[in-house]
1. Just one of SER317, SER394 is free of Cβ contacts under 8 Å to residues at least 60 places away in the same chain, in the same structural domain as ASP446 (by the TED database) and open to solvent by less than 60 Å² (accessible area, probe 1.4 Å); which is it?
2. In contact with a strand residue (DSSP E or B) (Cβ under 9 Å, 6 or more places away or on another chain), outside the structural domain of VAL159 (by the TED database) and surrounded by 17 or more Cβ atoms within 10 Å (Cβ to Cβ): which single residue out of VAL110, VAL52, VAL16 fits that description?
3. Is one or more of the residues making up the range 167-182 in the same structural domain as TYR125 (by the TED database), among the acidic types (Asp, Glu) and modelled with pLDDT under 90?
4. Among the residues of the range 137-154, what is the count of those that are crowded, with 17+ Cβ neighbours inside 10 Å and touching a residue at least 40 places away in the same chain (Cβ under 8 Å)?
5. Tell me, yes or no, whether the range 336-354 has at least one residue that is of a type outside the set (Phe, Trp, Tyr), modelled with pLDDT under 90, outside the structural domain of ASP266 (by the TED database) and in contact with a Pro (Cβ under 9 Å, 6 or more places away or on another chain).
6. Name the strands (runs of 3 or more DSSP E) wholly within the range 37-90 that hold at least 1 residues that are touching a Lys or Arg at 6+ places or on another chain (Cβ under 8 Å) and in contact (Cβ under 8 Å) with a residue 40 or more places away in the chain?
7. Output the number of residues of the range 193-216 satisfying the condition of being open to solvent by less than 40 Å² (accessible area, probe 1.4 Å) and either among the small types (Gly, Ala, Ser) or modelled with pLDDT of 90 or more (or both).
8. For the range 113-133, name all the residues that are within 25 Å of VAL278 (Cβ to Cβ) and either open to solvent by less than 40 Å² (accessible area, probe 1.4 Å) or among the aliphatic types (A, V, I, L, M) (or both).
Amino acid sequence: IAVKAFEMEIIPANRVVAQIGEMLILTCNTTGCASPSFSWRTQMDHPLGGTVNNHRTYSTLTMNPVSAENSHDYLCTVFCHEKEKKEKSIKVELYSFPSDPVIEISSSLVAGEPATVICRIPDVYPSDHLEVLLKKEEQTLHEENFYEDDSTNTETKTVTYSFNPTTEDIGKEITCVAKLPIANMDFEPKERVSSLKLNANFGPQNTIITVSPGNSPKEGDPLKLTCVTESNPPAQVVWRKHLADENIQHFIENNVLSIPHARFADSGLYICEVLNLVTNKTEKATVDIVIQAPRTNTTLSVFPSSAVKQGESVTISCTSADVPAVQITLRKKIGDVITTLETEDGKYTIDRAQLKDAGIYECISINEHGEQSQHTVLDVKVPPQNITVLVYPSENVKEGENVTITCSTYSNPPSQMVLKKVHQEREVILPSVNGTFTLYNVTKNDTGKYLLDVFNEVGNNIRVIEIAVVGKLEKPDQMMPLIIAFSCTTAIAIPVVAILIYVSRKAKINGSYSLVKALRLKV
């Protein structure tokens, strides 16, 4: 039977590459020897840094975990029956490149403000071979190597880079590429990469308000105001509106302000205020909204009153506060005759009002969306004037005849009339409804002066009438009762006949009194 020769081997052979922190097992194996004895040592007799386990025909040296101190040449010696000796060595080469780089931003990125990117490469060995590259997308920002480093153990290496981010950088990637290229050392990976998307905080900026359908919509149309701004993170939005008294009205916190049916009251200055809570910056935008509306608040006023006395001053104002700018017209209507009046700032002044100034005044405001009109009646009050008194058949009559006195006058409001006889023991006063006074079968006792007092709230006018009664008629049985008829009719002398029908009707006096019956009351 052939006897095998005594041989030995180390597994793995000659050279092994191991990563620090992992487990490494070296095996010394023999053949051709039934009871070999093993020993392990390092070159220069450094500590083994591991655990030896001897078995029948092989021995193991276990390093768990392997560390930088295990970077040696290891020698395994085998004796067979103390006669034969064999030994072999193995070189242990170590590295550490356990994880990808870690990228950090020193603080919250704010567009336009300096920021620092930090790339950390954990537990590198040997660091004198480390190369680091920082990129933004495909643009190289920074390169750094550690060729001069003399570290003898694993270390975390740090690369920093400062730059000013812009709004265009948002969403772009910052990449850290770490390489550990060690010649003749076979391990993977020799390159590790990490990326981080930039999220720069900025704004608000370029804030504007868009208006649909436009800044001057028609009343009743929908109105939508949108506040547009550039901000990261998104800005908070608050709407405000300046009121006429300069107070501010607050609206909902939303970038869109919708008014389903715009009203004239919705006109005003709208303010959009945006706030970025991260950058702590605010920005405002404004827009002036003018609702186009037909006339709704045309005003026609008369000062001091729509009823004035003759000779007083009166001002008629015709105005409108609506928009857009309107055409304001003040005119006077007399029947079908319309006269346009010249105004100054919407005002028409009559320095001394006369009866001819009475009538209907109309204020008309017009714009492209419609028109509105208001009207008022100016009443000019005048005292009784132009009194005419007619006596029929005459002021000298015979006993038994009839006498009629007719009176006409102009006044506004209608006049009242009182007739009284002068120098009587007991004065008789007769108020008139229609101005007619009748005396039947007059006698000489009816001779005398009669006062006719015509008056209204503005003033009065008095006329004196002298009646003379002489001799009886030849045929007494044919004597007719003498009738004194006072018929005074007051009428309003207003040129505007069609307009002041109501006033003129009021001026007519209807009714009658018997002077005979009144005289009999004295007896």
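1. Going through SER317, SER394 in turn, the sole match is SER394.
2. Every option except VAL16 fails the conditions.
3. Yes, the range 167-182 has at least one match.
4. Counting residues in the range 137-154 that are crowded, with 17+ Cβ neighbours inside 10 Å and touching a residue at least 40 places away in the same chain (Cβ under 8 Å) gives 1.
5. no
6. Ranges flagged: 73-80.
7. Adding up the residues that qualify gives 8.
8. Matches in the range 113-133: ALA115, THR116, VAL117, ILE118, CYS119.
The values are calculated or read from the model by the stated rules, or taken from the named source; none is laboratory data. From a predicted model like this one, the values you see are computed outputs, not experimental measurements. Virtual Cβ from ideal backbone geometry, glycine too; neighbours counted across all protein chains shown. What goes into the accessible areas is simple: the full protein's heavy atoms, side chains included, and nothing from ligands, DNA or RNA. Shrake-Rupley method; radii C 1.70, N 1.55, O 1.52, S 1.80 Å.
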